[in-house]
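The values are calculated or read from the model by the stated rules, or taken from the named source; none is laboratory data. Here the structure is a predicted model, which means the values were calculated and not measured. For neighbour counting, all protein chains shown are included, and Cβ atoms are generated from backbone atoms with ideal geometry for every residue, glycine included. Heads up: the accessible areas ignore ligands, DNA and RNA and are worked out on the full protein's heavy atoms, side chains in. Shrake-Rupley method; radii C 1.70, N 1.55, O 1.52, S 1.80 Å.
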Amino acid sequence: MKRLNTLIIAILFWVGCNSPSEDNTIVETQQEETLVDVLETTQRKANEVVLTPQDSFLMIFSSISEMQKTASLSSLINENYGVYIISSNGAMPKIEKSYELNAAVLSKKIASEAVFEELPKVVCEDFIYNKQGCFAQEVNPLLDSQIWNYTDLNEKEKQALVTIAETIKYTVIDTDSYTYYFSIVENKWVLTFVDVRIPCQG
């Protein structure tokens, strides 16, 4: 019986070693197809993971401070809509569209983490805000403020602003930096407004 088993193994080995190269090619092709199937299945499963808006926002926000260090914040800007920078022109707010963000536009760095809780309120006492840090909330105070009505923009420009302001999903106030407004445009998180004004001044 032992000899028979040894003989069978030897024959299988000989057949395997002497199979036509065409058979080897078929086996290799099948292995490649199997690998492709595995990769496609893995990708499909990854795509099926449903993230909450907060989780998906956290994923993008966690990389922003690093992006700012490497001057690559512009990748957060939608190429068609740009980002609106809100500043002050005397007593009146000034809103300008930009397609890039650099140190000349944003001289202060954003925090690397944000706490999800109610946004700080402006108090103008010992500190500008009633709490310090970087805070994010799923609110849209910019739309409520109707700030564009206090600018010298024409009606067409105001309407374009309203259209973008309506897309805002998260507002971030970094008390050491600025106020940032994030939207989902074309299924992608983008930065749509940055308010660089310092409350209690002016």
Additional length obtainable on full extension of the chain from GLU117 to GLN201, 0.36 nm per residue less Cα span: 27.7 nm
Lysines whose Cα lies under 23 Å from that of LYS69, excluding same-chain neighbours fewer than 8 positions away: LYS97, LYS108, LYS109, LYS188
Cα lying deepest toward the dipole's positive end in the range 65-202, options VAL190, GLN68, ASN149, charges on Cβ: GLN68
Neighbour net charge for PRO120 - beta-carbon separation under 13 angstrom, K R +1, D E -1: -3
Globularity index of the range 149-195, i.e. its alpha-carbon radius of gyration over 2.2 N^0.38 Å: 1.27
Solvent-accessible surface ranking, highest first, for LEU76, LEU153 at 1.4 angstrom: LEU153, LEU76
For the range 114-158: rounded, prolate or oblate by the Cα gyration tensor [a/c cutoff 1.5]: oblate
Bins of 5 Å from zero: percent of alpha-carbon pairs in the range 62-158: 2, 10, 14, 19, 24, 19, 9, 2, 0
Quarter of the Cα convex hull surface for the range 96-202, i.e. its orientation-mean projected area (nm²): 7.6
